[in-house]
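Scroll down for the structure; my scribbles are underneath it.
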Amino acid sequence: MFKKSLPYALVLSGGGAKGAYEIGAWKALKELGIKFNAVCGASVGALNAAIIAQDDIELGMKLWSEMTIDKVVDIPPELLENGKPKLTLKNITKIGDLNLNIKNLGLDPAPLHNLLKNEINETKIRKSGIDLGIITLNVDNLKPFEIFIDAMPNGTLADYLLASASFPAFKRAEINGKQFTDGGVYDNIPHSMVKNRGYRRIIVIDIDGIGNNRKPDITGTDTIYIKTTVPLCSVLDFDPDKALTAIEAGYLDTMKVFEKYHGQKYFIKRNKKIEKEYWNRLFKPENIEKYSKYLKLENKTASPENVEELIRDVLPKEQKNNKELLICLLESAAGVLDLERIKLYTTEELIEAIKNKYSEIMQSASTPTKSESESFFKRIEDTIEETLNLFRSDKDSSNYCPYEYAKILKGTKATDSLFPELAPAEIFFSIL
């Protein structure tokens, strides 16, 4: 049972540029009044752990809102494009061709090391009483190295933080003649570190980073798990605007975990009065008649007595048993209209946004052209979520939302599999 009056141990996963999400999550946890007696991290999670142990939310916000790749590593001329760094997972594999350093191949993280030495207040952290821990990987024996601040010699905290965050394409960090690389290579979610340390009340923040994402063994612990529910940037995409978006996502996801906000894919501050009004609309016979064509009737007649069961039958599989049926319909409508996800809506605001976008589409005479339609469907992979993620990440290819493309397929067998949210969305449109 959650008791905010008792402290938790906080575990932060690695994930490079996605780490901004953890600052947003921490901001929410602070607002909720949750305190920590320990904080442990891998890779970028170790860096954020130090900021949290220092209890400096302003520093965390400042660093991430200004973070660029050149503040992490020295960028060689070969990885510049029009004078700007162009570093991706694809081209970083070519660093071996750049002859950067024969003995210790990799990009030099000196800028990050200097940043840590200048901004992390080791003395303050040691005096805080927070049990700060990091994990890294000893390159010499390929064994994990876990250490808490009480075992680090004075003045070495920045070195150990860098050791944990030494992305495999970076030059290896060196401490006392030993070389270390990214802790996420061994355990990107170091839940076991705090569990083995003796902590039993644990909060995990998982940003879905690259690495060995071991499933935590929560047996015998009270573990609260916070995981990103929206697509974030890539691990090397250090962009201030994307960082601010990730911070907002971390904040909203955390508030949802603690049931301050609701929804599965959207973030909703609920208004029960408005929801009751729309719930009642759902069961009016004249409205049932409007949306019955979107139900799987199979020789049945929809009525106020059985319509809830029939509606549930057309929900996406992950929502079929959700007790909040109206919220499921609301989110389906928002989803097919491609409304912004990383944003807090009141129930009224989300309904109003749906009304406006739906009205705009219905009043527009334009539809996707044949070439635009073909381009869109070429992007379809295995699931609708992958499709929407691709669509949202490549807005230049079209100005149309998924609902407009779905209209092309209405009445075909492909509709249900490609657009599982379409039928429940149409039901909600019917009661607007």
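The values are calculated or read from the model by the stated rules, or taken from the named source; none is laboratory data. Note that the coordinates shown come from a computational prediction; the quantities given were computed from them, not determined experimentally. Cβ coordinates were reconstructed from backbone atoms using ideal geometry, including for glycine residues, and neighbour counts include every protein chain displayed. These accessible areas exclude ligands, DNA and RNA; they are computed on the full protein's heavy atoms, side chains included. Shrake-Rupley method; radii C 1.70, N 1.55, O 1.52, S 1.80 Å.
Identify, please: which residue in the range 125-143 is free of Cβ contacts under 8 Å to residues at least 60 places away in the same chain and out of contact with any helix residue (DSSP H, G or I) (no Cβ under 6 Å at 6 or more places or on another chain) and is, among those, surrounded by the most Cβ atoms within 10 Å (Cβ to Cβ)? So, considering only residues that are free of Cβ contacts under 8 Å to residues at least 60 places away in the same chain and out of contact with any helix residue (DSSP H, G or I) (no Cβ under 6 Å at 6 or more places or on another chain), the one surrounded by the most Cβ atoms within 10 Å (Cβ to Cβ) is 139. Does residue 326 satisfy the condition of being touching a residue at least 60 places away in the same chain (Cβ under 8 Å), closer than 21 Å to residue 353 by Cβ and crowded, with 18+ Cβ neighbours inside 10 Å? Answer is no for this residue. The single residue among 301, 346 that is open to solvent by 30 Å² or more (accessible area, probe 1.4 Å), among the hydroxyl-bearing types (Ser, Thr, Tyr) and under 24 Å from the mean Cα position of the chain (by Cα) turns out to be 346. Scanning the range 13-32 for residues that are assigned to a helix (DSSP H, G or I) and either at positive phi or open to solvent by 10 Å² or more (accessible area, probe 1.4 Å) (or both) yields a total of 5. Taking the conditions exactly as written (polar (S, T, N, Q), part of a loop (DSSP other than H, G, I, E, B) and at pLDDT below 95), does residue 367 satisfy them or not? Judged against the criteria, residue 367 is a match. Within the range 161-201, being within 22 Å of residue 37 (Cα to Cα), polar (S, T, N, Q) and in a loop (DSSP other than H, G, I, E, B) holds for one residue alone: 188. On the stretch given as the range 267-281, residues that are in a helix (DSSP H, G or I), open to solvent by less than 80 Å² (accessible area, probe 1.4 Å) and of a type in the set (A, V, I, L, M, F, W, C) total 1. In the range 283-295, the qualifying residues are those that are closer than 22 Å to residue 264 by Cβ and over 33 Å from the mean Cα position of the chain (by Cα), and the one that is surrounded by the fewest Cβ atoms within 10 Å (Cβ to Cβ) is 295. Filtering 245, 219 for residues that are farther than 24 Å from residue 70 by Cα and among the hydroxyl-bearing types (Ser, Thr, Tyr) leaves a single hit, 219. Would you confirm, using the coordinates I've provided, whether residue 253 is at pLDDT below 95, surrounded by 16 or more Cβ atoms within 10 Å (Cβ to Cβ) and of a type in the set (Asp, Glu)? Judged against the criteria, residue 253 is not a match.
Taken over the range 202-236, the criterion of being assigned to a strand (DSSP E or B), over 16 Å from residue 42 (Cβ atoms) and out of contact with any Phe, Trp or Tyr (no Cβ under 9 Å at 6 or more places or on another chain) is satisfied by 223 alone.
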